[in-house]
Every structure is written in C-alpha cells, then in structure tokens.
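Everything below concerns the one structure shown next.
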Amino acid sequence: MITHTPGPWEVSDERELEDPHFATVISWAPATRGAMIAKLEGGSPFRDGEGLANAGAIAAAPDLIEACELFTAAAHEVRDRLNDAGIACPASVAHAAEKARLALAKAKESPDTRGRRQLVAWQAMGLYLPPTTKGGR
C-alpha cells in the first residue's frame, strides 16, 4: 500500500498571478507546507469552469479518503449491531459501504497494481490487444 502526502491540500490562490491557464494544488501540512501536489492545465482561463473544479476535487482527496475510512468503519458497526439484533442491514448502507471501500482501494493501490487492473479492464472491453510475436503468433 502506498501513502499520499498528508493534507490539507488547497488550490493555490496565486494561480492567476502565475498563469491563468493553470491551477496548482499544494499541501498545507506542517511537514510539507507549500509542496506541489499537482499542476493542472486548463486551456482557456482556468479560474472559470471544469479545470478549477477538477483542481478542487484533487485538493479534497485527503479529506475524502478520511471520510470514506470513517464511513466504512461506521457502516460495519451499524451492520454488526443490526445483525446482533436480528435485523438485516439495509441494502443502501451495504452498497454505500462497498462504494467507499472500492474508492479507498483505488486511492491506496500502487501504480503497478493500478496498471494491471486497467490492462485487464481494457482487454475485457477489447481495447487492448497484446503485441504479436514474430510469425504472427
């Protein structure tokens, strides 16, 4: 499992001064204050629209990971208490907990694992064909 730069992360307020076509996400954690997390190119002036929303979503990642971890733990506690009382866990809680678990796994997997998972998905969709060897085999 890999770890990310600690949060909080913020979209730099200086993006207009640097270049209005880019936005930078930086860390505000004491040990990494000011470290660049990501630099996003937006084409047209970045402060308006989808590019800035993407930068905000990236900046929220550490908070979202923590929220998914807390929710998953709480959902398991609710499930266990309901099961102890002889009550089935609502499907909506189970579904939401599974989505949170999958999001956490995606956020924490290594680049090698992510690449293998994507390759399998592409092969399943017919978007990737392995290279042929000499002789066409």
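The values are calculated or read from the model by the stated rules, or taken from the named source; none is laboratory data. Treat the numbers as computed from the prediction; the structure is a model and nothing was measured. Note that we place each Cβ from the backbone using ideal geometry, even for glycine, and neighbour counts take in every protein chain shown.
What's the total number of residues in the stretch 43-87 that are of a type in the set (Gly, Ala, Ser), at pLDDT below 85 and more than 22 Å from TRP28 (Cβ to Cβ)?
Let us first name the residues in the stretch 43-87 that are of a type in the set (Gly, Ala, Ser), namely 43-44, 49, 51, 53, 55-57, 59-61, 67, 73-75, 85-86.
Now restrict to residues that are at pLDDT below 85: 43-44, 49, 51, 53.
Those left that are additionally more than 22 Å from TRP28 (Cβ to Cβ): 43-44, 49.
Here the count works out to 3.
Out of the stretch 84-93, which residues are surrounded by fewer than 14 Cβ atoms within 10 Å (Cβ to Cβ), part of a helix (DSSP H, G or I) and not polar (S, T, N, Q)?
Let us first name the residues in the stretch 84-93 that are surrounded by fewer than 14 Cβ atoms within 10 Å (Cβ to Cβ), namely 84-88, 90-92.
Right, trim to part of a helix (DSSP H, G or I) and you get 84, 91-92.
ASP84, ALA91 - these are the residues of the stretch 84-93 that are surrounded by fewer than 14 Cβ atoms within 10 Å (Cβ to Cβ), part of a helix (DSSP H, G or I) and not polar (S, T, N, Q).
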The lone exception for LYS108 - which of (1) modelled with pLDDT of 90 or more; (2) within 21 Å of PRO8 (Cβ to Cβ) it fails
(1)
Counted residues, the stretch 1-27 - those being at pLDDT 85 or above and not polar (S, T, N, Q)
7
